[in-house]
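Remarks on the structure that follows.
The values are calculated or read from the model by the stated rules, or taken from the named source; none is laboratory data. Model, not experiment: these values are computed from the prediction. Neighbour counts run over all protein chains shown; Cβ positions are idealised from the backbone, glycine included. Note: areas computed on protein heavy atoms with side chains; ligands, DNA, RNA excluded. Shrake-Rupley method; radii C 1.70, N 1.55, O 1.52, S 1.80 Å.
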Amino acid sequence: NAESKIRDSIPFSRESRQVELQGEAYLEVVHNDKVPFIVDAGLAKIKVLGTHFNVKAYPDDAQIEVALEEGSVEFTSILDNKKTTARLTPNDYLKLDKTTGKVKMINTGLYKYTSWRRNTIIFDESSISEVAKTLERWYGVKVIIDTPQINKYKFTTTFENESLYRVLELLEMSSPDIKIIYNPGKINKNTYNKNNS
């Protein structure tokens with residue numbers, strides 16, 4: 001997904017298949033009984049043999065999320081010398097709070113956790129700060145919230161292949177307290193090369 005990095009060693013060793021993830025990725029892992037596949041997501045590791053799953057582990061997010069569509073994964077985190085493990089089965093959604101170390105797991109429909117793969121943004125009782133962070137990542141813009149009273153709102157809506165302008169227009173229509181102001185980007189003179197067109 002947007003603003004994500006994945007690092008691996010090619011070829012994988014005979015003992016393990018491991019990648020490091022910062023951000024969000026959907027993985028389809030080929031089954032191998034002898035060589036596990038491990039996703040290192042910073043404070044957590046997800047170990048699989050063969051499966052389809054989504055991992056969301058942005059460094060600046062307050063949580064790490066795993067959504068399992070097929071197969072089985074083992075989730076492990078170590079926070080403040082406290083080890084937490086959980087085994088996920090299909091349709092399990094797990095969320096680790098990076099501050100408290102608490103893990104919440106539910107068995108539910110996973111469409112909203114993997115919708116980004118289909119160019120769809122789903123907000124489900126999302127705070128304005130969550131909405132802003134998603135729009136920043138999705139559209140590569142900076143969103144500044146300077147009206148504290150809109151922090152009380154929760155947003156539930158779906159956007160499919162919408163332009164940023166249309167998304168902001170619809171958010172503005174959803175509340176009398178939301179007023180969108182566009183500030184055009186400015187070129188940084190230190191990094192701009194006049195020879196580039």
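Of the residues making up the stretch 32-53, not a single one is closer than 21 Å to residue 132 by Cα and modelled with pLDDT of 95 or more.
Scanning the stretch 45-62 for residues that are closer than 12 Å to residue 20 by Cβ and either in a loop (DSSP other than H, G, I, E, B) or among the small types (Gly, Ala, Ser) (or both) yields 57, 59.
The conditions of being within 23 Å of residue 117 (Cα to Cα), assigned to a loop (DSSP other than H, G, I, E, B), among the charged types (D, E, K, R) and out of contact with any Pro (no Cβ under 9 Å at 6 or more places or on another chain) are not met by residue 33. For the stretch 61-102, a tally of residues being of a type in the set (Asp, Glu) and touching a helix residue (DSSP H, G or I) at 6+ places or on another chain (Cβ under 9 Å) returns 3. Among the conditions (1) in contact with a helix residue (DSSP H, G or I) (Cβ under 7 Å, 6 or more places away or on another chain); (2) of a type in the set (Phe, Trp, Tyr); (3) touching a residue at least 40 places away in the same chain (Cβ under 8 Å), the only one that residue 58 does not satisfy is (1). Please work out if residue 116 is assigned to a helix (DSSP H, G or I), open to solvent by 30 Å² or more (accessible area, probe 1.4 Å), in contact (Cβ under 8 Å) with a residue 60 or more places away in the chain and closer than 23 Å to residue 175 by Cα. When the stated conditions are applied, residue 116 does not pass them. Here the stretch 137-163 is the region considered, the condition is being open to solvent by less than 40 Å² (accessible area, probe 1.4 Å) and at pLDDT 90 or above, and the residue that is nearest to residue 61 (Cα to Cα) is 137.
Scanning the stretch 140-172 for residues that are touching a strand residue (DSSP E or B) at 6+ places or on another chain (Cβ under 9 Å) and outside any helix (DSSP H, G or I) yields a total of 10.
Quick check on my filter: what residues within the stretch 9-35 are surrounded by fewer than 17 Cβ atoms within 10 Å (Cβ to Cβ) and under 17 Å from residue 88 (Cα atoms)? The answer is 26, 28, 31.
Only strands (runs of 3 or more DSSP E) whose full extent lies in the stretch 63-108 are considered here, and the ones with at least 2 residues that are at pLDDT below 95 and either open to solvent by 40 Å² or more (accessible area, probe 1.4 Å) or within 15 Å of residue 27 (Cα to Cα) (or both) are 63-79, 82-88. Considered as a group, the residues in the stretch 52-78 that are among the small types (Gly, Ala, Ser) and over 13 Å from the mean Cα position of the chain (by Cα) include one that is farthest from residue 11 (Cα to Cα), and that residue is 77.
For residue 49, the conditions (1) within 14 Å of the chain's Cα centre (by Cα); (2) under 17 Å from residue 87 (Cβ atoms); (3) open to solvent by 30 Å² or more (accessible area, probe 1.4 Å); (4) of a type in the set (A, V, I, L, M, F, W, C) all hold with the exception of (1).
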